[in-house]
Amino acid sequence: MNRLAMIALGGALIVAGGCHSRQYQSQSLGQVNYAQAFEQSKAVFSQYFSIESADAAKGKIVGRAKEVQAAPDRLLGSTPARQIAVMRVRRKGDTVVADVRVEIQRQDTVAARQMQPVTVDTELPNRTPAQENAPLTAEQEEFWQTTGRDEGVEQSILADLIRRLAPK
């Protein structure tokens with residue numbers, strides 16, 4: 001392969017990899033009652049994550065962040081890690097489909113956040129001096145970066161949901 005083709009392929013893989021982290025894992029639930037599917041989805045989801053919000057009209061279930069153990073990511077130790085989960089239940093023609101995404105996030109250091117791009121002196125600032133020097137709460141100081149997905153947990157949630165909805 002020539003060099004230009006390799007660069008293009010590498011760029012495409014980077015773009016595809018970035019998009020992959022935002023995708024959901026989907027499972028058709030068959031021709032079931034939507035309301036029953038949503039309630040069963042909430043029940044299964046709550047076995048894995050505390051529910052922050054659930055909206056049947058939108059078909060969206062959002063979980064609270066859950067602290068998890070993660071492998072060391074640095075030479076001298078590791079940073080805190082958590083999982084963020086979202087589940088959607090939607091109609092697709094005559095069937096109902098469940099989508100789930102479980103992201104793994106790591107807490108980043110303040111130093112990484114403070115690295116700002118070098119700007120030209122003639123550019124207008126995007127923050128006021130009061131914003132630059134204002135005190136921040138602990139939550140505002142946190143910076144979480146998505147590092148991947150936990151596809152195993154996604155599969156487990158969907159498999160448990162299928163078992164609950166299967167006719168007895």
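Each value in this text was obtained by applying a stated rule to the coordinates, not by laboratory testing. Source: prediction; values computed, not measured.
What the table shows:
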item: Gly30 long-range amide H proximity, modeled H, under 5 Å; result: Val96
item: Extension reserve of the Ala159-Val68 stretch, reckoned as 0.36 nm per residue once the Cα distance is removed; result: 30.6 nm
